[in-house]
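This report concerns only the one structure given below.
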Amino acid sequence: MRLEPIATPSVARLVGLPAAAIGATLAVGAGLVLAAGGAPLAVFGLIIEGAAGSRFALLETLNRATPLIFTGLAVAVAFRARLWNIGAEAQLYLGALAAVVLGTGALAGWPAAALTVVLAAAAMAAGALALLFPALLKTRLGVDEVVTTLLLNFVVLLFVSMLLEGPLKDPRAMGWPQSARLLPEARLPRIVEGLRLHWGFALALIAAVLVWLVQTRTTFGYEMRAVGLNSRAAAYAGIPVGRVIAKTALLSGGLAALAGYSEVAGLRGNLTLALSPGFGYTGIIVAMLALLNPLGVVAAAIFVAGIFVGADSMSRAAGVPSYIADILLATALLAMVLALMFTRFRLSRG
Amino acid sequence: MTAPAGGAREVLRLQGITRRFGPVLANDGIDLVLREGEIVALLGENGAGKTTLMNILFGHYAADAGTVSVCGRPLPPGRPGAALAAGVGMVHQHFTLADNLTVAENIVLGTRPLWRPGLGLAQASVRISALARDFGLAVEPTARVGSLTVGERQRVEILKALFRDARILILDEPTAVLTPQESEALFATLKRMVARGLSIIFISHKLKEVLAVADRVVVLRQGRVVGEAQAAGTDRGRLAELMVGAAIREARVAPAAAAGAELLRLEGVATAPAGAAPGLRGVDLVLQAGTITAIAGVSGNGQAALAALVAGLVLPTAGRLLVDGTVPARWAPRAALAAGIGRIPEDRHREGAIADFDLVENAILERYSVLTRAGLLSWKGARDWAARIIAAYDVRTPSADLPIRLLSGGNMQKLILGRVLEAGPRIILANQPTRGLDVGATAFVHGRLVAARDAGAAVLLISEDLDEALGLADRVHVMARGRLSPGFGRGQASAADLGLWMSGEAFAEEAHAA
């Protein structure tokens, strides 16, 4: 058995295989729903309704998609250059940390616009530096960045935890490990007054378009892709591979950090260890589903967020555990990756 | 030895072999018969379908149509073990030996069932020595493969096949890694083997040696058998014509008008060894404007180190590299490009091109900074540049937007050649520029290099094809074990003279004389 490339895949393959992947995901989900004592069709209906059935549901989905767009972009950018950034979670928390360090009173009296720019920039810088370090270890010493970025997640989480129990602890929080709240003028306002959707979502869309422009229009994007596809040929041609990887790390870390900034400034107002239910890791799923395309990341993030939000709401109505969302996503990812591979390859026995 | 009679027993028959890869018909109804005691040369350009055909014979691919039979018994398609079990052995161009094992261990590897304890090395060694003696394949069974020369390793590969009782041996471009003297020894071995009733398929694109060794020549072009002839009844011109489908004049390269200014000089340069390949040792070399300087020699003797040095990838550990008489302040690929050095890398797949980039993106790999304004890449400028190269260098492609991996080796090389030459380099490093190319593409590359020389460039041609080095160069050096021989002008050295330098013997004599 071997894989053979298909030069020009047929339309049936291009449409049929992804459809089959969705079918397989639903079939696996249906089996589990049955096992949990629910009715599959009703449960799927409730998930869709919970995700997009009302204006409130839809806005909630977009809210949840916001950090996933940022972390998805961060992963997509890094993976494009074959920099395996598994540390978006750490970069997210460091971005949030920078926002609360500067935004809870240190810059009191600054105008709102200036605060917003400074906080976002500080968050990006924190996340960027957090990834620059593993990237330099990779290019200078050949240390595997999968290991360093993954382990840094735990280091950063414990560091944030220490700060929340210590110097950053809000004295008015009655003992809870949480930071003080951002100044009101440091918050990201809502796009429409009275609805929960905040400007972080708009920022995420802008970021996606900018990243897409960087990748397709700029010299840096070209270098990044060249390094990712064949770093040896890139080096031969004189592309400064180490510098390109370092710049990619700065961009990727900065994007992941914006997820933390936008969650703090747009949604929660303060920093706790519950800020991210694994947005950094889910960003990898989002980026893979989007085939590392920055614009695809937006769609994939909304899809993934919808399943989470819908499953939460379904769980309350149907009594089926919301963990079904994790399984649906995992199955969807595996099935989709396989399906996309088989649009380009076929199995042959010779 | 005389050609076997037409009535000799048929040992291998490929019938109507057809294999399609997407739109490409790699093999189109190929018939090939091999008789007992016969050497058949399979001649064809790269991409003619030789490798596909052998992969089908060995079961690596299943044919879309057609059958393979050994001694009248059909082989099941797509089963890699079947041909081996039926007594067909293959010596690949790239050896498949474990460097850290001995010769005997390598040969025995995979021949004993897993449940049998021990390797039976003692018995095996006796048999290996006997086979080696019979066929003139001198090699020590207890030697570690890592310490052997390339020629010796090839003998191990042949012994491996003989040890497995192969009756049919297939050799894929076996002389590519040998000195002329080693090639002669190989041919003698092959003649001995067929005299004992073995049969051989000899894959090559070198016309001269095909005529020297084969009884019968089968020519493939574009997946089809386009001609077949007894070696005794044909000549190089006719075979070349069959191979490319048109008459090719063997170009006579006019000598350089006059050597110009000195552009690049190496003085006593040494470099660090890279893996198994030696680094340079005390290399002196001068490149002058308007000349072609060739570095002949068997690959793996330091050519890679020399190429990497000139390309800007490595720095000398001793000695000096001078461009225009001065030591450059910085030495890196970009510095080399800025100094006017155009570089054609040895491995176009891994170093010369990015397989998944399209032709446009590949064409601007060394030029994109020129096409950048305020961080933005001018895709229009890039497309114009690529279109210019595609037109001027006859790159055959349906579109410039295709990933370059879909192009044939020759067309890929033409794009790289165009990318280098259109930039107007003063010094051109051409490392094995025609390896794997067909006759037509080779002539094209040669023509362009000579034209660049005539326009005043200094060309450094690194080639393991002695005919190419002697035919093209105004000055030839030989590289062996990291050292460089003195230069020989046109007509000053024969292939046999250079062979002595290639084997390293002449270096020793030089040391004694000094």
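For the pair B and A, how large is the buried accessible area, both sides, in square angstrom to the nearest 100, if the probe is 1.4 Å?
Numbers: alone 23110 and 16640 Å², together 37270 Å².
Summing both sides, the interface buries roughly 2500 Å².
For the stretch B:10-244, give the magnitude of the charge dipole about the Cα centre (Cβ charges: +1 Lys/Arg, -1 Asp/Glu; no others), in debye to the nearest 20.
Using only the charged Cβ atoms, the result is roughly 460 debye.
If you keep only loop residues by DSSP, which trypsin sites (Lys or Arg not before Pro) in the stretch A:154-193 have at most 10 other Cβ atoms within 10 Å of their Cβ?
On the way: sites: A:LYS169, A:ARG172, A:ARG181, A:ARG187, A:ARG190; in loops: A:ARG172, A:ARG181, A:ARG187.
Here the trypsin sites (Lys or Arg not before Pro) that fit, given the DSSP loop and packing criteria, are A:ARG172.
Between B:ASP384 and A:LEU213, what is the FRET efficiency for a Förster distance of 35 Å, r being their Cβ-Cβ separation, to the nearest 0.05?
The pair B:ASP384/A:LEU213 has a calculated efficiency of 0.95.
Using a 1.4 Å probe over the heavy atoms of the protein chains, calculate the carbon and sulfur portion of the accessible area of the stretch A:69-297 as a whole percent.
Roughly 71 percent of what the probe reaches on the stretch A:69-297 is carbon or sulfur.
Picking from A:LEU151, A:LEU329, A:LEU14, which is most flexible by a Gaussian network model of chain A using Cα springs under 10 Å?
It is A:LEU14.
Which one of A:ALA180, A:ALA135, A:ALA106 has the biggest mean-square fluctuation once chain A is modelled by GNM with Cα springs under 10 Å?
Answer for the Gaussian network model of chain A: A:ALA106.
With each pseudo-label sitting 7 Å past Cα toward Cβ, what's the B:LEU119-A:ALA299 distance in nm, one decimal?
Label-label distance for B:LEU119 and A:ALA299, simple model: 5.7 nm.
Under a point spin-label approximation (7 Å from Cα along Cα-to-Cβ), what is the B:ALA258-B:GLU422 distance to one decimal in nm?
Going by the 7 Å Cα→Cβ label model, 3.4 nm.
Please name the residues of the stretch A:192-240 whose accessible area, counted over protein heavy atoms with a 1.4 angstrom probe, falls by no less than 40 Å² between the chain alone and the full protein assembly.
Residues of the stretch A:192-240 that lose at least 40 Å² of accessible area once the other chains are added: A:ARG217, A:THR219, A:TYR222, A:ARG225, A:LEU229, A:ASN230, A:ARG232, A:ALA233, A:TYR236, A:ALA237, A:GLY238.
Where does chain A land at 222 nm, in deg cm²/dmol rounded to the nearest 500, when only DSSP H runs of n ≥ 4 count, each adding -39500 (n - 2.57), divided by all residues?
-23500 deg cm²/dmol
Under the Karplus relation 6.51 cos²θ - 1.76 cosθ + 1.60, θ = phi - 60°, what is the ordered set of whole-Hz ³J(HN,Hα) values for the stretch B:32-43, x standing for Gly and Pro?
Result, ordered by residue: 8, 10, 10, 9, 4, x, 10, 10, 9, 8, 9, 10 Hz.
Accessible area per residue, 1.4 Å probe, Å², for the protein assembly as shown: what's the number?
43 Å²
For A:ILE6, what residues show an amide H to amide H distance below 5 Å, using hydrogens built from the backbone and excluding near sequence neighbours?
Amide H neighbours of A:ILE6: A:PHE345, A:ARG346.
Starting from the Kirkwood radius over alpha-carbon pairs of the protein assembly as shown, derive D by Stokes-Einstein at 10 °C in a medium of 1.306 mPa s and give it in µm² s⁻¹.
51 µm²/s
Can you pull the accessible area of B:ASP467 for me, 1.4 Å probe, Å² to the nearest 10?
Solvent-accessible area, nearest 10 Å²: 80 Å².
Taking a 1.4 Å probe, which of B:LYS160, B:LYS380, A:LYS247 shows the most accessible area, and what order do the others take after it?
Values: B:LYS160 35, B:LYS380 135, A:LYS247 90 Å².
From most exposed to least exposed: B:LYS380, A:LYS247, B:LYS160.
Full-extension gain between B:GLU140 and B:SER69, please, as 0.36 nm times their residue separation minus the C-alpha to C-alpha distance. Could you put the intermediate results ahead of the total?
Values: separation 71, 0.36 × 71 = 25.56 nm, distance 3.55 nm.
Full extension of this stretch gives 22.0 nm more.
In chain B, what percent of the accessible surface is made up of carbon and sulfur (1.4 Å probe, ligands and nucleic acids excluded)?
53 percent
Working with all protein chains in place, sort A:ARG243, A:ARG196 by solvent-accessible area computed with a 1.4 Å probe, largest first.
Putting A:ARG243, A:ARG196 in descending order of accessible area: A:ARG243, A:ARG196.
Mind ranking A:THR25, B:THR96 by accessible surface for me, highest first, 1.4 Å probe? Before the final figure, lay out the partial values.
Details: A:THR25 15, B:THR96 80 Å².
Putting A:THR25, B:THR96 in descending order of accessible area: B:THR96, A:THR25.
Net charge near A:LEU340, counting Lys/Arg +1 and Asp/Glu -1 over other residues with Cβ under 15 Å of its Cβ?
Here the charged neighbours net out to +3.
Distance in nm between label sites at B:SER129 and B:ALA272, each 7 Å beyond Cα in the beta-carbon direction?
Label at B:SER129, label at B:ALA272, 4.3 nm between them.
Under a GNM of chain A (C-alpha, springs under 10 Å), which listed residue has the highest mean-square fluctuation: A:ALA42, A:ALA78, A:ALA130?
A:ALA42
The values are calculated or read from the model by the stated rules, or taken from the named source; none is laboratory data. The structure presented is a predicted model; accordingly, all values stated were derived computationally and were not measured. With ideal geometry, Cβ positions are generated from the backbone for all residues, glycine too; neighbour counts draw on all protein chains shown. Side chains are part of the model used for accessible areas, which takes the heavy atoms of the whole protein and leaves out ligands, DNA and RNA. Shrake-Rupley method; radii C 1.70, N 1.55, O 1.52, S 1.80 Å.
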